[in-house]
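Heads up: the structure comes next, in structure tokens.
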Amino acid sequence: MFSQVIGPFDIVRHAPRIGLLFAACIALSACGQSQNWSRQPAFITIGGTVSGLQSTGLVLENNGIDPLTVAQNGAFTFSLSIANGQAYAVTIATQPSGQTCTVTNGSGSATTNVTSVAVTCTTQPTIGGTVTGLSGTVVLQDNGTDTLTLSSNGPFTFPTALTSGAQYTVTVATFPTTQICSITNAAGTATANVTNVAVSCTGFQLRPLPAIYGTGKAVNYSPYRAGGPNAGEMPSSADVLQDLGLLQSAGFDLIRLFGADAVAQEILSLANQNYPSLKFQVGIYLEGAPSSCADNVNQTQIATAIQFANTDPNVVAVSVGNETSFAGNLPASCLLQYVKEVRSQVAQPITADDDYTFYAGLSASGERPDLVLPWLDFVSMHTYPFTDTGAWDWQQTAVAAGPARAAAMMNAALADAQADYALVANYSYTTTTGQVTTIGASLPITIGETGWKAVPTNTAQAIEAVSNPAIANPVNEKWYYDLMASWRGTGAPLNVFWFEAFDEHWKGTDDGWGLWDASRTARYALCGTPAGPACNATDLYAGAGYYH
């Protein structure tokens, strides 16, 4: 191997090198084979940089092994090297407390030392606050999923942390049995731990109705002139303005709306700008819901009505639902949850419009009002003698045919409405404080809907089949309207919301109740007002229909 003879001195001088060569030959399978002639490193280190770390507990791994605890931002390198060309995969073995870290450039095949793995950590804020006044158990939710049950006052924190910059919304999923809990600082963007959500729980406190409920002239109003809400109709601003002008000209100043949607928003906005003296009882349309009470349509309606109540000074009351229990499509337990939800977020008096049979405990669905009554500020009951002809003698055949029979029929209709009212007023229930009382002794009562058809639209009903003269007649409508207006007061409904302002052809056989027809021509019921025709001076109710 050598070109010269090595002497003893040379052997000593070259011994280290010879030993190294000998050791290298032993390490290889054979000298001259598998040498790293390309000068590439035999082993590769894996590392990178950590940024954003603000906590402790971050542990990284490469290829599922070699755990590395990182305590600060900056460069890191795993302690174990890997063979040249071997794959690497850097992962988070343990997240730091209160943070979430992610890895980029974390995998590949290494032929040189890797320094490009990037571990970025972001804060993982928690959502919490304080509960005060709680007596019982309240269930809170964050973003509709993270649930927390509380039975005592003091600080709370939801179990699930969020990613930095995420939105949060805290709501009450289940209220205490005898309390309402309202939330302030309920929503926002979390970039750090949130601790200022305030949940305040109180018992029921009756909210008095505004004075207009005792002095105002009330009506149900819906602006549809074509296909109606089922066809997605959006009435024009000009049409709504015309309607509001007609209502005000007839003296109506308290208007009930049926739903909380874009149509209602347009009505409220135009009224504020052009007829600011008009006051509104906003309604919430509720469809049927499962036993969990979770329903997107209902929640959207509720959220919109809450927005109206909190931003529009002319919203003086809120009605949760319309004949939901009478229709049998919504359990009273869900209605209670919705009533509490609305009540906890608005300052106005709350009711739930429904047929008198519900509030009298006689609903065919079997639903009773006992759950809901302790949380209402007033009862808004519906009564329709015109359609409930099985409950009273509308034919009055004991009276001679003619005007006298017409008078007997109309007075009997009033008596039927009064009987419905008495059933509701005398209904007993237990308050949140355990007191047994009646609706009439504890709550104001309004007639939320009543009316008389001015034209027959469903002649399959015997009362509408009568003709020449018809009982569904503008004069009979006027007669019943006057009777109801004169009835309200002491020991009677605080107010009567007439059904309805304008005819709506999209309702088919349930059309024809309007004080104005679809063309906005005032009917005889409005005679004597600036909006209506002249009244018959000799006989106010001449031409009224009766059974014959």
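The values are calculated or read from the model by the stated rules, or taken from the named source; none is laboratory data. From a predicted model like this one, the values you see are computed outputs, not experimental measurements. Methodologically, a virtual Cβ is constructed for each residue, glycine included, from the backbone with ideal geometry; neighbour enumeration extends over all protein chains shown.
Among residues that are touching a strand residue (DSSP E or B) at 6+ places or on another chain (Cβ under 9 Å), at pLDDT 95 or above and in a loop (DSSP other than H, G, I, E, B), residue 469 is not included. Taking every residue in segment 78-102 that is at positive phi and pairing it with any residue that is hydrophobic (A, V, I, L, M, F, W, C), at least 6 positions away or on another chain, the pairs with Cβ-Cβ distances below 7 Å are 98/161.
Being more than 23 Å from the chain's Cα centre (by Cα), modelled with pLDDT of 95 or more and over 24 Å from residue 284 (Cα atoms) is a property that does not hold for residue 200.
Does segment 320-349 hold any residues that are buried (at least 24 other Cβ atoms within 10 Å of the Cβ) and part of a strand (DSSP E or B), and which are they? Residues satisfying the conditions are 320, 321. Checking every residue in segment 194-206 against the condition of being closer than 30 Å to residue 101 by Cα and either assigned by TED's automatic domain parsing to the domain that holds residue 253 or polar (S, T, N, Q) (or both) gives at least one match. Out of 402, 434, one residue alone is among the small types (Gly, Ala, Ser), at positive phi and in contact (Cβ under 8 Å) with a residue 12 or more places away in the chain. It is 402.
Rundown of residues vs (1) in a loop (DSSP other than H, G, I, E, B); (2) at pLDDT 95 or above; (3) within 22 Å of residue 123 (Cβ to Cβ), yes/no style:
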| position | (1), (2), (3) |
| --- | --- |
| 11 | no, no, no |
| 25 | no, no, no |
| 29 | yes, no, no |
| 33 | yes, no, no |
| 50 | no, yes, yes |
| 67 | no, yes, no |
| 90 | no, yes, yes |
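The residues of segment 225-249 that are over 24 Å from the mean Cα position of the chain (by Cα) and in contact (Cβ under 8 Å) with a residue 40 or more places away in the chain, listed by number, are 225, 226, 227, 242, 243, 246, 247, 249. Could you check segment 443-467 and list, in sequence order, the residues that are crowded, with 18+ Cβ neighbours inside 10 Å and either free of Cβ contacts under 8 Å to residues at least 60 places away in the same chain or over 28 Å from residue 424 (Cα atoms) (or both)? Matches in segment 443-467: 456, 457, 464, 466. Being surrounded by 14 or more Cβ atoms within 10 Å (Cβ to Cβ), under 22 Å from the mean Cα position of the chain (by Cα), under 29 Å from residue 515 (Cβ atoms) and modelled with pLDDT of 95 or more is the requirement here; does residue 179 meet it? The answer is no for residue 179. Under the condition of being touching a residue at least 40 places away in the same chain (Cβ under 8 Å) and either surrounded by fewer than 17 Cβ atoms within 10 Å (Cβ to Cβ) or more than 23 Å from residue 502 (Cα to Cα) (or both), the residues counted in segment 267-285 number 1. Applying the criterion of at least 3 residues that are among the β-branched types (Val, Ile, Thr) and farther than 30 Å from residue 525 by Cβ to the helices (runs of 4 or more DSSP H) found wholly in segment 198-317 leaves 296-311. Selection over segment 477-493 of residues that are over 13 Å from residue 527 (Cα atoms) and buried (at least 20 other Cβ atoms within 10 Å of the Cβ) gives a count of 3.
For (1) in contact with a helix residue (DSSP H, G or I) (Cβ under 7 Å, 6 or more places away or on another chain); (2) under 28 Å from residue 221 (Cβ atoms); (3) modelled with pLDDT under 95; (4) not assigned by TED's automatic domain parsing to the domain that holds residue 510, each residue gets a yes or a no:
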site: 428; (1), (2), (3), (4): no, no, no, no
site: 437; (1), (2), (3), (4): no, no, no, no
site: 445; (1), (2), (3), (4): yes, yes, no, no
site: 455; (1), (2), (3), (4): no, yes, no, no
site: 459; (1), (2), (3), (4): yes, yes, no, no
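Taking segment 43-74 as the search range and keeping residues that are buried (at least 16 other Cβ atoms within 10 Å of the Cβ) and of a type in the set (A, V, I, L, M, F, W, C), which one is farthest from residue 191 (Cα to Cα)? Only one residue tops the list, namely 44. Using the structure shown, decide if residue 252 is within 20 Å of the chain's Cα centre (by Cα), more than 30 Å from residue 434 (Cβ to Cβ), in contact (Cβ under 8 Å) with a residue 60 or more places away in the chain and not assigned by TED's automatic domain parsing to the domain that holds residue 135. Taking the combined requirement at face value, the residue does not satisfy it. Being under 25 Å from residue 319 (Cβ atoms) and among the small types (Gly, Ala, Ser) is the filter; apply it to segment 414-442 and report the residue that is surrounded by the fewest Cβ atoms within 10 Å (Cβ to Cβ). Looking at the filtered set, the residue picked out is 441. Restricting attention to segment 225-263 and to residues that are modelled with pLDDT of 95 or more and among the polar types (S, T, N, Q), the residue that is surrounded by the most Cβ atoms within 10 Å (Cβ to Cβ) turns out to be 248. So which residues in segment 103-122 are of a type in the set (Ser, Thr, Tyr) and either touching a Cys at 6+ places or on another chain (Cβ under 9 Å) or closer than 21 Å to residue 185 by Cα (or both)? Scanning segment 103-122 gives 120, 122.
When segment 484-524 is limited to residues that are assigned to a helix (DSSP H, G or I) and over 38 Å from the mean Cα position of the chain (by Cα), the one that is farthest from residue 227 (Cα to Cα) turns out to be 486.
When residues in segment 525-536 are screened for being in a loop (DSSP other than H, G, I, E, B), at pLDDT 95 or above and either among the small types (Gly, Ala, Ser) or surrounded by fewer than 16 Cβ atoms within 10 Å (Cβ to Cβ) (or both), 5 of them pass.
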